[in-house]
Amino acid sequence: NMLLFNVPCVIGVCTMHHMLQKVYMEQYQIRQQLEHLVVHDQLTKVNNRNKLKELSNIRGEMVAFSDIDVSMLLIDIDFFKQVNDEFGHEAGDVVLAHLAKTMKESVRVTDYVIRWGGEEFLIILPGCATEQALLIAEKLRKKVEESDNGVCPITISVGVAKHPGGDYHTTIKKADEALYMAKKAGRNNTALYEEK
């Protein structure tokens, strides 16, 4: 009688354990997906601005890279408004997604490609001195100029700045100034921020 009573109990406990495990796995997967969505841009599949918050403390210091060289590239598609006006916004989205894919393929696994806004992207290069960052920026610029995105030829302008530590906003502002210089020089250019 005891044996007949125990068998259904064991089966019940095993079934309950299996169900709880399944629920836990589903919740874990949903949580992983939500965490991914929080730091990734849906269109381009690269990181969004929230990634910077994840990499830095409340003062904007990227503490994960405190003991190594860090460079930043700020990238803008030249005359992107014309792409949207001539080919439509869906075609513009194709161009943006292709550029993001090209950037991801052109940098190291340890680098961060971030959609900064609109047609602007930020690349964080940990362990990368300014000279090497310039080479990466120039290689990327040429690759974009020569690549086929399926819509129309595009070029990019790139501003490069060294991150000396402190608030990352300051370095992005310097990279933005360098980007302005690259555009002022005729676009399809790379420029380095020089300390004044």
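So which residues in the range 91-104 are open to solvent by 20 Å² or more (accessible area, probe 1.4 Å) and closer than 21 Å to residue 178 by Cα, if there are any at all? Within the range 91-104, none qualify.
To keep it simple, each residue is scored yes or no on (1) surrounded by 21 or more Cβ atoms within 10 Å (Cβ to Cβ); (2) over 14 Å from residue 188 (Cβ atoms); (3) without any contact (Cβ under 8 Å) to a residue 60 or more places away in the chain.
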position	(1), (2), (3)
106	no, yes, yes
109	no, yes, yes
117	no, yes, no
125	yes, yes, yes
128	yes, yes, yes
140	yes, no, no
144	yes, no, yes
152	no, yes, no
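The one condition from (1) assigned to a helix (DSSP H, G or I); (2) closer than 19 Å to residue 56 by Cα; (3) in contact (Cβ under 8 Å) with a residue 24 or more places away in the chain that residue 173 does not meet is (3). Looking across the range 60-104, the residues that are more than 21 Å from residue 147 (Cβ to Cβ), assigned to a helix (DSSP H, G or I) and either in contact (Cβ under 8 Å) with a residue 24 or more places away in the chain or of a type in the set (Asp, Glu) (or both) come down to 64, 65, 85.
A count restricted to the range 63-90 and to residues that are surrounded by 15 or more Cβ atoms within 10 Å (Cβ to Cβ) and more than 30 Å from residue 184 (Cα to Cα) stands at 1. Within the span defined as the range 113-125, one or more residues are under 18 Å from the mean Cα position of the chain (by Cα) and at positive phi. Being under 22 Å from residue 61 (Cβ atoms), touching a residue at least 12 places away in the same chain (Cβ under 8 Å) and assigned to a loop (DSSP other than H, G, I, E, B) is a property that residue 165 has.
The values are calculated or read from the model by the stated rules, or taken from the named source; none is laboratory data. These numbers come from a predicted model, not from an experiment. Note: ideal-geometry Cβ built from the backbone for every residue, glycine included; neighbour counts use all protein chains shown. What goes into the accessible areas is simple: the full protein's heavy atoms, side chains included, and nothing from ligands, DNA or RNA. Shrake-Rupley method; radii C 1.70, N 1.55, O 1.52, S 1.80 Å.
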